[in-house]
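The values are calculated or read from the model by the stated rules, or taken from the named source; none is laboratory data. Since we're looking at a predicted model, the values are computed, not measured. Because the Cβ atoms are built from the backbone with ideal geometry, glycine has one as well, and the counts that use them run over all protein chains shown.
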């Protein structure tokens, strides 16, 4: 069985070194090898794979690997479009981490 991928916000990434997690954010800028992403007003940089198709100003759910040095590597993503309620996402993250047995076990 696959290991669960907990949902986090960008301020939680430092606690997730060595893990695979999910994070929702808006892509602000894309270059060849990295993207600047905003999650609830807290930006982070994400290293990209060669075949990325990220659209600036779109929201995505990213599945990422947080490396031991806390750099973030994109594994896969789902485009959520140009509008999402990030406060609702923040509440989902808080709830799902408080009641882990409902979401991850």
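Would you be able to tell me the number of residues in the stretch 13-37 that are closer than 21 Å to residue 80 by Cα and more than 10 Å from the chain's Cα centre (by Cα)?
Residues flagged as closer than 21 Å to residue 80 by Cα and more than 10 Å from the chain's Cα centre (by Cα) within the stretch 13-37 amount to 8.
Name the pairs: first residue in the stretch 61-88 and touching a residue at least 12 places away in the same chain (Cβ under 8 Å) and on the phi > 0 side of the Ramachandran plot, second residue surrounded by 11 or more Cβ atoms within 10 Å (Cβ to Cβ) and in a strand (DSSP E or B), Cβ to Cβ under 9 Å, at least 6 apart or on different chains?
81/59
For residues in the stretch 48-64 being over 9 Å from the mean Cα position of the chain (by Cα) and either surrounded by 15 or more Cβ atoms within 10 Å (Cβ to Cβ) or closer than 14 Å to residue 23 by Cβ (or both), which is modelled with the lowest pLDDT? Can you show your working first?
Step one: filter the stretch 48-64 for residues over 9 Å from the mean Cα position of the chain (by Cα), giving 48-59.
The next check asks that each one be either surrounded by 15 or more Cβ atoms within 10 Å (Cβ to Cβ) or closer than 14 Å to residue 23 by Cβ (or both); those that pass are 48, 52, 54, 58-59.
Values: 48: 94, 52: 79, 54: 94, 58: 97, 59: 97.
The extreme case among them is 52.
Among what's in the stretch 78-93 and is assigned to a helix (DSSP H, G or I) and out of contact with any strand residue (DSSP E or B) (no Cβ under 9 Å at 6 or more places or on another chain), pick the residue that is nearest to residue 5 (Cα to Cα). Full working, then the answer.
So the first thing to find is which residues in the stretch 78-93 are assigned to a helix (DSSP H, G or I), and the list is 86-93.
Then drop every residue that is not out of contact with any strand residue (DSSP E or B) (no Cβ under 9 Å at 6 or more places or on another chain), which leaves 87-88, 91.
Values: 87: 20, 88: 19, 91: 17 Å.
The qualifying residue nearest to residue 5 (Cα to Cα) is 91.
Which residue, of 71, 101, 96, is surrounded by fewer than 14 Cβ atoms within 10 Å (Cβ to Cβ) and either at pLDDT below 95 or out of contact with any strand residue (DSSP E or B) (no Cβ under 9 Å at 6 or more places or on another chain) (or both)? So that I can check it myself, show each step before the final result.
Details: 71 fails: surrounded by fewer than 14 Cβ atoms within 10 Å (Cβ to Cβ); 96 fails: surrounded by fewer than 14 Cβ atoms within 10 Å (Cβ to Cβ).
The match here is 101.
Every residue in the stretch 20-46 that is under 12 Å from residue 73 (Cβ atoms) and either surrounded by fewer than 15 Cβ atoms within 10 Å (Cβ to Cβ) or free of Cβ contacts under 8 Å to residues at least 24 places away in the same chain (or both), please.
33, 34, 45
Scan the stretch 1-10 for residues that are assigned to a loop (DSSP other than H, G, I, E, B) and in contact (Cβ under 8 Å) with a residue 12 or more places away in the chain and report the count.
5
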